[in-house]
Each structure stands twice: as C-alpha cells, then as structure tokens.
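These notes are about the structure you will find just below.
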Amino acid sequence: MSLTTPSSKDADSHANADIKNSMKTNFFDFLSAPALVKQHEEDRFISTCANFLKNKYNVNEDAAYAIAHCLFARMNDARLHYHTPIHVLSLFDFADDYQIHLQNHDKLAIWFHDAIYEINSAECRNETSSVDFMIALLQDYLDYNDYIKAAYIIEDTTMHLEPLKHNSSDLVLDLDLSNFAYNREMHNVANQAVRKEYSQYSDQQFATGRLNFLKKFLNKGFIYRTPLFKDQFETIALTNIEEDIKECQRILT
C-alpha cells in the first residue's frame with residue numbers, strides 16, 4: 001500500500017507545477033528564483049553532475065559529489081544572473097529536448113566551461129581559469145586523456161566569432177549559443193539575465209556594446225557551425241539577433 005495520500009500527491013503535483021512555472025520566468029537567474037525552485041535545481045545540478053562523473057569516469061561516489069558541490073558553489077555567484085548553474089543545465093536540457101548526442105568529453109566541457117566567469121575579465125581569462133579549475137578538481141580521478149579534450153573545447157568557447165581550424169568543438173559551441181534558438185519569450189528572459197549581469201553599465205553603454213557584439217555575428221555570415229543546428233535553428237537565431245539589434249538601436253536613438 002502506498003504511503004502517499006491523495007492530498008500529498010496533489011501537493012507534490014502543485015509543487016512540481018510551481019517549479020515548472022517559476023522556471024519559465026527565472027530561467028537563468030538562479031539567485032532570484034523562488035526557494036523551492038532553487039533547491040530543486042541545486043539538487044538536480046549536483047546529482048546529475050556527480051552521477052555523470054561516477055558513471056562515465058568511475059569517480060568514487062564521495063569524490064563525485066564533492067566535486068559537484070564545489071562546482072555548484074563556484075558558479076553560484078551573487079554577481080551572476082546568466083552564467084549560473086541554470087545555464088549549464090539548460091544546455092543539457094536543450095540537447096535532451098532535441099535528442100542531440102553528446103560524447104563524454106563534450107559533457108565534461110559543458111559542466112565546466114563557465115566554472116569561472118568574471119565580468120569584464122581579460123580576453124580568454126575566464127576560459128583558461130575554468131580549465132585550471134576543472135583540472136584541479138579532476139586530475140586525481142581522471143586520466144589526462146579524459147579531460148584534455150574537454151579542456152580544448154572550453155578554450156574554444158572564446159571563438160564564437162571566429163572560424164576554427166577543426167570541428168571537434170563545434171557542437172558544444174553551438175549549444176552554448178542555444179539561447180538564440182529559443183522562442184522570443186524565452187530568449188528575452190535570457191537577454192534580461194545578461195543585462196542584469198552588466199548592471200554597472202547604463203542602458204546606452206550596454207546597448208552600444210551589445211549592438212557591436214550582435215553585428216559581429218551577422219558579419220561572420222553564420223551563427224551555428226554544425227549541420228544539425230544550421231538546419232533546425234539558424235533561421236530563428238537570425239530572427240532573434242535581428243530583433244535584438246532593433247532593440248539596441250531603439251535604446252540608442
């Protein structure tokens with residue numbers, strides 16, 4: 001006989017619905033999410049990361065959970081609103097939703113690619129620091145060959161606006177830009193989170209920098225690198241970018 005009464009089932013159902021509804025409006029901004037959502041997503045981040053390390057790299061359970069807790073704590077930075085643990089989970093959710101196959105080194109790179117994110121850091125500093133952080137946590141548990149591919153991918157996330165001489169990082173780079181493939185409502189949620197991260201700038205200053213960044217994407221001639229993303233998401237990404245450019249121009253006029 002189940003110990004769960006109908007009333008507790010209803011309560012669980014309402015709680016889960018509250019989580020889903022809250023996440024629609026706090027998709028990236030972990031710190032401003034309701035307490036129930038924060039606890040749910042913290043548990044999901046830590047357990048998913050730990051189980052990945054345990055099942056794919058044979059990291060013992062205690063160490064796997066310690067690493068996952070450490071990564072979560074590092075990303076749970078009060079200054080950040082977009083580059084949060086939710087950003088990492090969103091990449092995995094996107095891959096799951098569209099049945100995108102990721103190799104283990106892709107997943108490892110996703111977990112750690114924004115482990116260190118300092119606003120206005122020197123070029124490439126965040127990426128190299130994230131690699132150093134990953135290696136410091138994993139070098140006693142993973143072989144060099146297990147994490148070096150992930151390290152290269154993380155370093156390549158500095159190259160969103162540049163061509164690469166290889167395609168081994170393409171899928172993770174495309175996933176890192178999957179917010180451009182969201183519907184307009186969810187893309188705006190992501191935009192608002194980015195804006196909050198750079199709240200020290202005026203609207204005009206932020207719009208100027210954002211406009212320059214977005215125009216570079218258009219001038220590059222493509223948003224996504226892999227055939228899968230090009231075929232399914234390039235059009236909506238271009239539409240979102242064009243709308244973002246109009247919004248920046250509106251602020252600056």
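The values are calculated or read from the model by the stated rules, or taken from the named source; none is laboratory data. Since this is a predicted model, take the numbers as computed values, not measurements. Backbone-built Cβ (ideal geometry, glycine too); neighbour counts: all protein chains shown.
Numbers for the structure displayed
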| item | result |
| --- | --- |
| Subset of region 73-92 [more than 20 Å from V172 (Cα to Cα) and either outside any loop (DSSP other than H, G, I, E, B) or among the acidic types (D, E) (or both)] | A73, R74, D77 |
| Criterion violated by F217 - all others in (1) part of a loop (DSSP other than H, G, I, E, B); (2) crowded, with 19+ Cβ neighbours inside 10 Å satisfied | (1) |
| Failed item, numbered, when M134 is tested on (1) more than 28 Å from Q205 (Cα to Cα); (2) under 17 Å from the mean Cα position of the chain (by Cα); (3) surrounded by fewer than 21 Cβ atoms within 10 Å (Cβ to Cβ); (4) not charged (D, E, K, R) | (3) |
| Matching entry among I119, I154 (being over 24 Å from Y224 (Cα atoms) and among the β-branched types (V, I, T)) | I119 |
| Test result for A207, surrounded by 18 or more Cβ atoms within 10 Å (Cβ to Cβ), closer than 16 Å to I86 by Cβ, in contact (Cβ under 8 Å) with a residue 40 or more places away in the chain and out of contact with any strand residue (DSSP E or B) (no Cβ under 8 Å at 6 or more places or on another chain) | no |
| Test: residue in region 221-236 that is closer than 21 Å to S90 by Cβ, β-branched (V, I, T) and under 16 Å from the mean Cα position of the chain (by Cα) | no |
| Residue count for region 43-57, restricted to those that are farther than 15 Å from K107 by Cα and touching a residue at least 24 places away in the same chain (Cβ under 8 Å) | 1 |
| Count - residues of region 19-39 that are modelled with pLDDT under 50, in contact with a Ser or Thr (Cβ under 8 Å, 6 or more places away or on another chain) and surrounded by fewer than 20 Cβ atoms within 10 Å (Cβ to Cβ) | 0 |
| So I119, is it surrounded by fewer than 20 Cβ atoms within 10 Å (Cβ to Cβ), within 26 Å of R195 (Cβ to Cβ) and in contact (Cβ under 8 Å) with a residue 60 or more places away in the chain | yes |
| Yes/no for S178 being under 15 Å from L102 (Cβ atoms) and surrounded by fewer than 19 Cβ atoms within 10 Å (Cβ to Cβ) | no |
| Number of the exception - H160 against (1) touching a Phe, Trp or Tyr at 6+ places or on another chain (Cβ under 9 Å); (2) of a type outside the set (V, I, T); (3) modelled with pLDDT of 95 or more | (3) |
| Cβ-Cβ under 6 Å pairs, at least 6 apart or on other chains, region 142-166 side buried (at least 17 other Cβ atoms within 10 Å of the Cβ), far side outside any helix (DSSP H, G or I) | I153/S169; I154/H113; D156/S169; T157/H113 |
| L108 under 27 Å from M186 (Cα atoms), in a helix (DSSP H, G or I) and either at pLDDT 95 or above or in contact with a helix residue (DSSP H, G or I) (Cβ under 8 Å, 6 or more places away or on another chain) (or both) | yes |
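The rows are residues; the columns are (1) under 21 Å from S121 (Cα atoms); (2) charged (D, E, K, R); (3) out of contact with any Phe, Trp or Tyr (no Cβ under 8 Å at 6 or more places or on another chain); (4) modelled with pLDDT of 95 or more.
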site: F206; (1), (2), (3), (4): yes, no, no, yes
site: L211; (1), (2), (3), (4): yes, no, yes, yes
site: G221; (1), (2), (3), (4): no, no, yes, no
site: F229; (1), (2), (3), (4): no, no, yes, yes
site: L238; (1), (2), (3), (4): no, no, yes, yes
site: E242; (1), (2), (3), (4): no, yes, yes, yes
site: K246; (1), (2), (3), (4): no, yes, yes, yes
site: Q249; (1), (2), (3), (4): no, no, yes, yes
site: L252; (1), (2), (3), (4): no, no, yes, yes
